[in-house]
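Working notes for the structure below.
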Amino acid sequence: MTLPDLECTGLTKRFGTATAVDAVSFDVPPGSFFSILGPSGCGKTTIMRVIAGFLDPDAGDILIRGRSILNTPPNKRPVNMVFQHLALFPMMTIAENIGYGLRRQGMAKAEIARKVDAALDRIGLPGIGARKIDELSGGQKQRVAIARCMVLEPDVLLLDEPLGALDLKLRERMKVELKEMQAAFDTTFVYITHDQSEALVMSDRIAVMNQGRFEQMGTGRELYYRPETAFVAGFVGDTNRWHGRIERVEGDALQLVTDSGLTLRGARHGRALSPGGRAEIFVRPEAIRLTRSAGELAHFDNRMSGRVTALLFNGAASRVLVQAGREEIEVNLPQSGEFADLARGAEVHIGWAGDQGNCFAGTP
Amino acid sequence: MKAEARIGLILLLTPLLLWLSLLIVIPHIDMFLVSLRERVGVGEYRISPANYLTFLTEPLYLRTFARTAIMAMLATLITLLIAFPVSYYIAKMARGRTRSALFLLCLVPFWVSELVRTFGWMILLRETGLISTLLQWAGLADQPVEMLYNDAAIMVGLVYTSMLFMVVPLVTTLESLPDEVIEAGYDLGGTNVSVMREIVIPHATPGIVSGCIVVFMLSLGNYLTPTMLGGKDSLWFTELIYSQFIVRFNWELGAAFGFLLLLLSSLIVWGMLRLTGHTLERTMG
Ligand SMILES: Nc1ncnc2c1ncn2[C@@H]1O[C@H](COP(=O)(O)OP(=O)(O)O)[C@@H](O)[C@H]1O
Ligand SMILES: [Mg+2]
């Protein structure tokens with residue numbers, strides 16, 4: 001078995017009485033792209049800063065290729081970090097920025113120049129070494145910041161929401177580029193973000209973090225289709241979400257009545273839920289079929305009819321809001337053209353299979 | 001440019017231009033003219049470089065001139081060396097209330113007038129002063145120690161007076177350096193020394209240069225501190241100017257001295273800017 005590049009065990013960091021990181025354990029196999037996904041303030045940056053060595057953990061250990069680095073100062077750790085605001089050195093040229101770490105290692109000038117040129121080629125910006133940082137666009141700065149770390153050939157590269165400052169279009173492109181760069185450099189990336197689509201698109205494995213703890217770890221697919229906690233179900237991907245009381249449980253299937261009086265059938269996927277208890281039910285918009293005639297929905301456990309209250313046009317990801325009873329339900333708009341003339345106020349029927357209704361124990 | 005905008009600009013600039021011309025340009029032109037006069041009889045003057053020649057031929061004047069320049073530069077350097085760590089601590093290491101408190105501490109001495117402040121140093125340093133008494137009490141000296149009336153006392157006074165003018169620009173520029181950038185320096189393998197030399201100091205250069213210019217000019221033109229703390233042998237150039245104008249009523253020579261001092265400070269400031277590769281616009285902007 002190969003050793004993981006990075007392994008954290010029981011990592012804990014407290015600020016005063018607040019616990020920012022609470023007994024977090026994970027390992028990252030060599031060459032993989034690992035993401036930590038969580039809302040802002042959940043402790044992601046704190047984990048990064050502990051791994052990079054800017055904060056001392058209160059408990060736990062950090063191992064790089066099997067060796068603890070707790071007693072290694074930040075400038076000697078075989079990890080490098082791409083900072084949230086990139087932190088390029090504005091007083092240096094691009095080549096000096098990329099060569100900074102190599103100069104610190106005492107490498108010969110000619111060798112540094114060669115490596116810097118190679119790195120600039122690698123990131124697709126050849127020949128711009130003599131320019132100043134402020135002459136670069138956001139995406140180019142991004143790549144320079146990564147190249148500045150990668151010339152040092154770190155065992156692990158930490159990236160702290162590096163796309164946060166970019167505009168949407170560029171962010172979409174950089175997602176693909178980052179993934180390609182990771183493959184090209186063949187280095188282990190630990191990437192943190194609050195943006196689920198960044199994590200889902202790029203990562204081999206994702207940890208979902210909430211209030212200092214890891215809620216669930218797995219591939220994007222696992223998190224999306226088999227969330228283990230209500231937080232993950234609500235945080236990863238878009239979803240309809242209702243609170244209610246369980247009426248009946250038959251094996252894995254159950255029936256619940258939402259607070260607004262809607263009777264829904266769902267599945268507990270092995271979780272301990274019993275009649276009379278409070279529960280939360282999550283249904284993804286794409287799991288819901290939209291039709292004009294009730295007959296097509298006969299095979300679904302959940303069927304209802306309602307009126308379209310809003311059309312949320314967003315190209316292929318368009319949705320409609322359907323008012324059924326007192327609930328508004330978000331439903332994917334099929335792209336078949338059948339609904340091209342759907343308008344507000346139209347009568348529609350919706351339905352979904354009971355096992356698509358993912359239920360979790362709820363708070364009373 | 002629209003007509004109203006131009007009028008607005010003129011209105012805005014008028015006070016500044018008036019101030020500059022009335023208080024700075026005109027007096028200096030007048031001083032220059034006075035400095036070129038030579039008295040040949042009662043109420044009779046002619047234009048000649050005699051005053052400047054007097055300056056060049058009198059060793060006391062020349063020596064005082066050079067001494068003042070060197071001492072002012074030294075005071076600037078010492079102020080920088082003390083102010084930089086202080087500013088770095090205030091800007092980058094202290095947090096919240098500590099930071100404001102420290103900054104305020106730098107400001108406190110300026111609540112009292114320069115005269116009182118300098119007098120405070122006299123109380124501390126004189127023969128019967130606090131430090132002398134303490135030294136005797138501790139058995140480190142067996143007789144009263146006089147620490148006043150020498151160059152070291154002047155230096156202490158100048159550095160103390162100038163500190164704030166160095167700390168403010170330094171704290172401002174250091175604050176504008178994101179913590180992330182310093183951390184990136186360490187993350188990429190930098191040591192304390194190299195991060196300081198390659199990242200912090202280059203970033204702080206505009207603050208260092210503007211602080212040095214202000215402190216140098218203040219020290220060079222200081223009158224009170226050298227007069228009160230300095231002894232018979234530590235003459236300051238401003239004292240020469242004062243004595244020509246007020247004691248000897250020799251306005252012509254005094255004006256020449258004043259003009260030479262202006263020339264000297266301009267020259268040294270220009271040299272400082274050249275040395276650091278900065279332009280005045282970039283430093284002040
Ligand atoms: N230096 C610090 N001192 C005190 N509290 C901090 C410090 N840094 C972070 N925190 C707190 O720790 C929690 C986690 O912060 P952070 O790791 O920055 O979150 P994220 O990066 O996920 O947005 C926050 O509640 C924040 O207020
Ligand atoms: Mg953060």
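Please treat every number below as a calculation from the coordinates, not as lab data. Everything numeric in this text was worked out from a predicted model, so none of it was measured. Ideal geometry is used to build each Cβ from the backbone, glycine not excepted, and the neighbour counts take in all protein chains shown.
Measure up A:LYS179/B:LYS92; A:LYS132/A:LYS175; A:LYS115/B:LYS92; A:LYS169/B:LYS92 against 27 Å on the Cα-Cα distance and list the ones that go over. The answer is A:LYS179/B:LYS92; A:LYS115/B:LYS92; A:LYS169/B:LYS92.
How many percent of all Cα-Cα pairs in the range A:6-232 sit more than 34 Å apart? Could you put the intermediate results ahead of the total?
Details: 3529 of 25651 pairs.
In whole percent, the long-distance tail amounts to 14.
Over the residues of the protein assembly as shown, the helix contribution to mean residue ellipticity at 222 nm works out to -13500 deg cm²/dmol, using -39500 (n - 2.57) for each DSSP H run of at least 4.
Counting only DSSP beta bridges whose two residues both lie in the protein assembly as shown, roughly 75 percent are antiparallel.
Couplings 3J(HN,Hα) of the range B:133-149, computed from phi: 4, 4, 4, 5, 4, 7, x, 7, 9, 9, 8, x, 9, 8, 10, 8, 6 Hz, in residue order, whole Hz [Karplus 6.51 cos²θ - 1.76 cosθ + 1.60, θ = phi - 60°; x for Gly and Pro].
Straight Cα distances below 22 angstrom link A:LYS13 to the lysines A:LYS44, A:LYS76, with same-chain residues fewer than 8 positions distant left out. Computed extension gain for A:ARG241 through A:ASP61, at 0.36 nm per residue and net of the alpha carbon distance, reaches 61.0 nm.
Between the C-alpha center of the range A:311-339 and that of the range B:198-276 there is a gap of 77 Å. When the alpha carbon coordinates of the protein assembly as shown are projected onto the principal axes, the ranges are 124, 73, 54 Å, largest first.
Report relative contact order for chain A in percent, whole number only (criteria: Cα-Cα under 8 Å, sequence separation at least 6). Spell out each step's value before the answer.
Values: 759 pairs, mean separation 54.8, N = 364.
Result for chain A is 15 percent.
Listed by chain and number, the lysines placed with their C-alpha closer than 23 angstrom to that of B:LYS232 amount to none; residues fewer than eight positions away on the same chain are left out. Using only alpha-carbon positions in the range B:23-182, the gyration tensor eigenvalues give semi-axes of 40, 28, 15 Å once each is multiplied by 5 and square-rooted (largest first).
The string of couplings for the range A:111-123 from the Karplus curve (6.51, -1.76, 1.60, θ = phi - 60°) is 5, 4, 4, 5, 5, 5, 4, 4, 5, 5, 4, 4, 8 Hz, one whole number per residue in order, with x for Gly and Pro. Across the range A:55-64, rounded Karplus estimates of 3J(HN,Hα) from the backbone phi angles (6.51 cos²θ - 1.76 cosθ + 1.60, θ = phi - 60°) give 10, 8, x, 7, 7, x, 9, 10, 10, 10 Hz, Gly and Pro being marked x.
Kindly state, to the nearest 0.05, the FRET efficiency for B:TRP111 paired with A:GLU180, given R0 = 45 Å and r defined as their beta-carbon distance.
Values: r = 62 Å, r/R0 = 1.37.
In this case the efficiency is close to 0.15.
Cα centroids of the range A:31-62 and the range B:176-197: 20 Å apart.
Of interest is the spacing of the C-alpha centroids, which for the range A:115-160 and the range A:193-233 amounts to 29 Å. Compactness of chain B was expressed as the Cα radius of gyration divided by 2.2 N^0.38 Å, which yields 1.24. With a simple spin-label model that places each label point 7 Å from the Cα along the Cα-to-Cβ direction, the separation between A:ARG131 and A:GLU111 comes to 3.0 nm.
Could you work out the relative contact order of chain B? I mean the mean sequence separation of Cα pairs under 8 Å and 6+ apart, divided by the number of residues, in percent.
Working: 277 pairs, mean separation 72.0, N = 285.
So the answer I get is 25 percent.
Annotation: amide H of B:GLU127 within the under-5 Å range of B:MET147, B:LEU148, sequence separation 5 or more or interchain, hydrogens built in the peptide plane. Given R0 = 45 Å, the distance between the Cβ atoms of A:SER68 and A:ARG221 translates into a calculated FRET efficiency of 0.85.
The Kirkwood radius of the range A:238-361, taken over pairs of alpha-carbon atoms, gives through the Stokes-Einstein law at 37 °C and 0.692 mPa s a diffusion coefficient of 222 µm² s⁻¹. Can you give the % of DSSP beta bridges in the range A:238-361 that are antiparallel, to the nearest 5? Percentage antiparallel, nearest 5: 95.
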